[in-house]
Every structure is written in C-alpha cells, then in structure tokens.
Amino acid sequence: MPQSLSKISLHIVFSTKYRFGFFTDRDIRNDVHSYIAAIFNKRGATAIKVGGVADHIHILCLQSREELISKTIGEAKRSSNLWLKEKYDIFSNFRWQKGYGVFSVSESHINRVTKYIENQEEHHYKTSFKKEYRTLLKKYKIEYDEKYVWD
C-alpha cells in the first residue's frame, strides 16, 4: 500500500491545577480554546471542537499520523500556560493539572461529543468536573487510583 491513511477521533479532557476556576471570563475562555485549537491544528491533530468551563477543557480532535497525542497535549499545555501568563496579568499563578484523559470516539458519535462540548456550561450546572471525569473513566472501563487522578 503506497499511502498511510488514518482517522482516529479523540476526546481529551484535562483541568486546571486543583480545578481552580481560572476561566470565569467568557472572552478569556474563548481565547484559550482558540489558542489550544491552533496548537492542535499546527501539530497535525485537527481540532474539531474545543470547549469547557472555568476549571477544565474538552478537545475533540483527529489524531495526528505523525505525532503521539501525549506530545500534542504536552505542548498545548506548556504553550498555553506561557501564553496566558504573558497575555493576562491575572494568570501569574496559572497551571494545568499534570494528567489528562484521552477517550476514543467512533465516527457515529462525533456529533454527540461535539454537542456535549458545546453544552458544557449547562452540563456543569448539574454535575461537577470530578463526577463528569469519573463517569468518563467508568464508561471507558479505565481503572484508576483516586489519589493519583486529582492534582
């Protein structure tokens, strides 16, 4: 086969350090979402949808054929951390949590996950980030140790 082809859709979730609500300002939140989408796109992991609320972010993307998703996420966190601190004085103490979750998304669920990300504000009137994240881990049958998931 002369060509390498792939289409792997991923739903990525990570929070701010200690889930502190840094992104209460909607304009700043939209800025950081756009910035992170641009990083993913630049690294070949096409961002389909980026969204979230004050204390965490969701990214729906296509996996790059050329780079590990851990490298893309690491660069998005590192770069956005520096960018936020340079652009906004209020982010001098900003940090992302160390970990993240990555979940596969079938083609038939892309629209559902996109809507889920778009409706994060409404969703989190009823559900905390911790409950949401535990639900994702349970749904995907990912074993975890509670003492290492939160930082």
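The values are calculated or read from the model by the stated rules, or taken from the named source; none is laboratory data. Keep in mind it's a predicted model, so treat the numbers as computed, not measured. Positions of Cβ are backbone-derived with ideal geometry, glycine not excepted, and every protein chain shown enters the neighbour counts.
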Restricting attention to region 51-67, the residues that are in contact with a Phe, Trp or Tyr (Cβ under 8 Å, 6 or more places away or on another chain) and under 15 Å from Val32 (Cα atoms) number exactly 8
Okay, strands (runs of 3 or more DSSP E) sitting entirely in region 5-98 with 3 or more residues that are touching a residue at least 60 places away in the same chain (Cβ under 8 Å), I get 9-15, 47-53
Of the residues in region 99-127, those that are surrounded by 13 or more Cβ atoms within 10 Å (Cβ to Cβ), in a helix (DSSP H, G or I) and not hydrophobic (A, V, I, L, M, F, W, C) come to His109, Thr114, Tyr116, Glu118, Gln120, Glu121, His123
Those residues of region 128-151 which are over 13 Å from Asp55 (Cα atoms) and either surrounded by 10 or more Cβ atoms within 10 Å (Cβ to Cβ) or of a type outside the set (D, E, K, R) (or both) amount to Lys131, Arg134, Thr135, Leu136, Leu137, Lys138, Tyr140, Ile142, Tyr144, Tyr148, Val149
Take Phe20 and tell me if it is closer than 26 Å to Lys147 by Cβ, surrounded by fewer than 19 Cβ atoms within 10 Å (Cβ to Cβ) and out of contact with any Asp or Glu (no Cβ under 7 Å at 6 or more places or on another chain).
no
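For (1) of a type in the set (A, V, I, L, M, F, W, C); (2) loosely packed, with under 15 Cβ neighbours inside 10 Å; (3) more than 12 Å from the chain's Cα centre (by Cα), each residue gets a yes or a no:
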site	(1), (2), (3)
Leu5	yes, yes, yes
Leu68	yes, yes, yes
Glu75	no, no, yes
Phe91	yes, no, yes
Take the conditions over 15 Å from the mean Cα position of the chain (by Cα) and either within 25 Å of Tyr125 (Cα to Cα) or at pLDDT below 95 (or both) and apply them to Ile59. Does it pass?
no
